[in-house]
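Reading through the structure tokens given below for one structure.
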Amino acid sequence: KLPVPTEIPLKAPAQFQKIGSNQKRLDGPEKVNGTAQFGIDVHVPDMRIATVAASPVPGGRVKSVNTEAAKQVRGVLQVVQLDDVVAIVAEHMGSARKGLAAAQVQWDDGPAAQYSTQTMIDELAKASQQEGATARKEGDVAAAKATAGARTIEAVYQQPLLAQAPMEPMNCTVRMNKDGCEIWLGTQVPTRAQAAAAKAAGLPVEKVQVHNQLLGGGFGRRLDVDFVTQAVRIAREVRQ
């Protein structure tokens with residue numbers, strides 16, 4: 001509702017307080033001595049640990065799970081099976097990981113089962129032959145090629161897919177009760193994480209509280225909120 005200014009005077013360099021000076025990293029000492037708390041360091045009372053197997057192919061579904069074998073592992077409390085995820089809930093990570101190995105999850109890869117890196121490369125190559133949008137036109141490429149003489153050079157450059165794999169594994173701690181939902185995580189988008197948790201929990205956004213922690217590498221991976229949705233879906237199935 002404020003009026004839009006027509007002239008905004010720039011600050012004179014003599015008035016700069018931060019620009020051009022060295023600034024201390026306030027989080028440095030804690031990261032060096034190990035006291036800094038990242039999302040994966042969170043511990044709340046009565047917390048249980050879940051390790052997850054998700055479909056390795058988009059659109060894939062769980063085909064089979066050896067639930068009984070997983071439950072035989074000491075410390076395993078529950079096996080949560082959703083359509084595209086299997087989670088082993090346990091007293092600690094060691095039991096959860098052993099339980100997941102014992103579960104021997106098998107997958108139905110679904111319609112994308114035959115999709116490969118080569119398929120993607122071929123599709124991109126085909127798409128590149130189609131008429132594209134012109135962002136900028138300068139000079140005459142066709143005329144330049146026509147007068148280039150007998151020697152022309154063509155090259156195709158390809159880069160493989162790179163994993164968005166931050167040093168700190170993706171993680172989310174969820175506490176659900178009759179009053180709402182709390183989540184602890186390291187995220188680059190707290191409000192988006194809040195909205196995703198609310199949707200997965202079936203709650204209004206104002207009933208979800210986000211405790212954002214330090215994150216051990218983002219690189220855009222923590223712009224996604226798939227792991228928040230996954231954690232809340234699993235938490236809803238966990239017996240208290």
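The values are calculated or read from the model by the stated rules, or taken from the named source; none is laboratory data. Computed from a prediction, not measured in an experiment: that's the story for all the values here. So basically every Cβ, Gly included, is an ideal-geometry build from the backbone, and we count neighbours across all protein chains shown. For the accessible areas, the whole protein counts, side chains as well, though only heavy atoms, and no ligand, DNA or RNA atoms are used. Shrake-Rupley method; radii C 1.70, N 1.55, O 1.52, S 1.80 Å.
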Check your understanding: Out of (1) over 15 Å from the mean Cα position of the chain (by Cα); (2) at negative phi, what's the single condition that is false for Ala196?
Key -> (1)
Revision key, fill the gap. Cβ pairs under 6 Å, 6+ apart or interchain, first in region 80-96 and touching a residue at least 24 places away in the same chain (Cβ under 8 Å), second part of a strand (DSSP E or B) and among the charged types (D, E, K, R), ordered by first then second residue, are Asp84/Arg61
Exercise for review: For region 36-66, name all the residues that are farther than 23 Å from Arg175 by Cβ, in a loop (DSSP other than H, G, I, E, B) and either in contact with a helix residue (DSSP H, G or I) (Cβ under 6 Å, 6 or more places away or on another chain) or of a type in the set (S, T, N, Q) (or both).
Suggested key: Ser55, Val57, Pro58, Gly59, Gly60, Val65, Asn66
Exercise for review: Answer yes or no as to whether Gly186 is of a type in the set (Gly, Ala, Ser) and over 20 Å from Asp226 (Cα atoms).
Suggested key: no
**Study point:** When residues of region 214-228 are limited to those that are farther than 15 Å from Pro190 by Cβ and of a type outside the set (Lys, Arg), the one surrounded by the most Cβ atoms within 10 Å (Cβ to Cβ)
**Key:** Gly216
Exercise for review: Restricting attention to region 60-99, report how many residues are in contact with a Ser or Thr (Cβ under 6 Å, 6 or more places away or on another chain) and closer than 21 Å to Val228 by Cβ.
Suggested key: 3
Exercise for review: Determine whether Gly110 is open to solvent by less than 60 Å² (accessible area, probe 1.4 Å) and either without any contact (Cβ under 8 Å) to a residue 12 or more places away in the chain or of a type in the set (Asp, Glu) (or both).
Suggested key: no
Check your understanding: over 27 Å from Leu214 (Cα atoms), among the aliphatic types (A, V, I, L, M) and in a loop (DSSP other than H, G, I, E, B) - does that describe any residue in region 86-100?
Key -> no
Exercise for review: Look through Arg25, Arg48 and report the one residue that is over 18 Å from Gln240 (Cα atoms) and among the basic types (Lys, Arg).
Suggested key: Arg25
Study note, to complete from the structure: With criteria (1) surrounded by 15 or more Cβ atoms within 10 Å (Cβ to Cβ); (2) more than 14 Å from the chain's Cα centre (by Cα), Val189 comes up short on (2)
Practice item. Inspect all residues belonging to region 154-177 and state whether any of them is buried (at least 16 other Cβ atoms within 10 Å of the Cβ) and among the small types (Gly, Ala, Ser). Key: no
Practice item. Of the conditions (1) modelled with pLDDT of 85 or more; (2) under 40 Å from the mean Cα position of the chain (by Cα); (3) farther than 30 Å from Val44 by Cα, Arg175 clears all except one; give me its number. Key: (3)
Practice item. Evaluate region 219-226: report whether one residue or more is touching a Gly at 6+ places or on another chain (Cβ under 6 Å) and either more than 23 Å from Val80 (Cβ to Cβ) or at pLDDT below 95 (or both). Key: no
Check your understanding: With (1) modelled with pLDDT under 95; (2) open to solvent by less than 70 Å² (accessible area, probe 1.4 Å) as the list, and Gln240 as the residue in question, which single condition is left unmet?
Key -> (2)
